[in-house]
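Below is one structure, written out as structure tokens, with a few remarks after it.
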Amino acid sequence: MQGLLLELLPILCSPLSYIFLCLGLLMGSFFNVCIYRIPRGIFWKEKRSVCPHCGVMIPFWHNVPLLSWIFLRGKAACCGGRISIQYPLVELATGLLFVLIYWKFPFVLRWDGQLAIDPRDFLRFAHALVFCSVLLICSVIDLEHQIIPDVLSLPMIALTPLVVWVHPDLDWKSALLGVVLGGGVFYAIAWIYYLVRREAGLGMGDVKLLAAIGGWLGYQAILTTVFWASILGSIVGISVILISKKMDMKTRLPFGPFLSFAAVCYHLFGHQLADVIITF
Ligand SMILES: [Zn+2]
């Protein structure tokens with residue numbers, strides 16, 4: 001715990017962390033637009049944000065990430081309609097994610113007067129940023145609509161060769177094996193589940209997402225990701241059943257968020273988590 005605090009201290013003191021936090025909050029605002037529009041198929045339709053309740057255009061000063069929601073107390077300024085807490089939460093999560101990724105891959109060597117960056121760490125940073133961002137968007141869409149859009153997962157799989165080409169640590173063998181193993185293992189699980197329960201338990205969306213995770217992180221990530229996602233998913237699923245009592249064992253819980261969370265933790269904290277488990 002103390003070691004963690006000592007590691008966190010430089011993050012809290014660095015002005016760069018706050019720059020990445022603000023950048024993340026702004027991107028989170030854009031991710032909210034993606035989360036709202038992609039599943040509804042209206043991504044390219046309107047240029048400006050409009051109120052989901054009354055359709056009035058939202059002025060930009062009511063669209064400041066996090067702050068607007070707090071100052072307007074979760075109500076639309078135009079008509080008083082409720083604005084979901086999901087919006088500020090996604091913005092905050094993106095902001096914190098950007099800081100964490102920079103903490104993991106601190107590519108800026110110096111920036112007083114002249115800027116010096118580590119190109120390899122910059123590539124790792126950019127890779128993690130895109131990877132975690134797409135997974136965050138997929139997770140929230142999956143929570144809300146129980147789908148993981150193909151327009152997000154398939155391009156990720158298709159971009160695997162490019163990722164291998166630019167990423168300093170990923171080799172094409174582990175990436176290729178990752179796509180095959182990620183897609184294959186889950187396809188097998190979905191198939192066995194279908195044979196046993198005679199109903200579709202896992203969506204093909206999860207299969208494509210895991211194939212994308214395998215491609216972007218390498219096959220080494222697959223087993224750990226599935227393992228922790230299943231444990232987390234079971235704990236949360238059982239808790240939800242116990243608390244709400246409305247759901248039963250047949251209620252479907254989206255698996256995408258757990259897969260995404262486990263994959264991001266594996267990528268950002270893999271070594272630290274391994275250390276913790278070994279010390280226990
Ligand atoms: Zn309104």
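The values are calculated or read from the model by the stated rules, or taken from the named source; none is laboratory data. Model, not experiment: these values are computed from the prediction. For neighbour counting, all protein chains shown are included, and Cβ atoms are generated from backbone atoms with ideal geometry for every residue, glycine included.
Being outside any loop (DSSP other than H, G, I, E, B) and either within 16 Å of the ligand (Cβ to nearest atom) or surrounded by fewer than 13 Cβ atoms within 10 Å (Cβ to Cβ) (or both) is the filter here; which residues of segment 68-91 pass it?
S68, W69, I70, F71, K75, R82, Y87
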Quiz item: With respect to S14, is the statement that it is farther than 23 Å from C138 by Cα and more than 15 Å from the ligand (Cβ to nearest atom) true?
Solution: yes
Self-check item: Failed item, numbered, when W44 is tested on (1) under 26 Å from Y266 (Cα atoms); (2) at pLDDT below 90
Solution: (1)
Quiz item: Does any residue of segment 101-116 turn out to be small (G, A, S) and either under 22 Å from the mean Cα position of the chain (by Cα) or not assigned by TED's automatic domain parsing to the domain that holds L143 (or both)?
Solution: no
Quiz item: Does P106 satisfy the criteria of being farther than 28 Å from G215 by Cα, buried (at least 16 other Cβ atoms within 10 Å of the Cβ), of a type outside the set (G, A, S) and more than 16 Å from the ligand (Cβ to nearest atom)?
Solution: no
Exercise. Would you point out the residue of segment 34-64, among those that are among the β-branched types (V, I, T) and within 13 Å of the ligand (Cβ to nearest atom), that is farthest from I83 (Cα to Cα)?
Key: V56
Self-check item: Residue within segment 199-207 that is more than 28 Å from L92 (Cβ to Cβ), assigned to a loop (DSSP other than H, G, I, E, B) and not small (G, A, S) present
Solution: yes
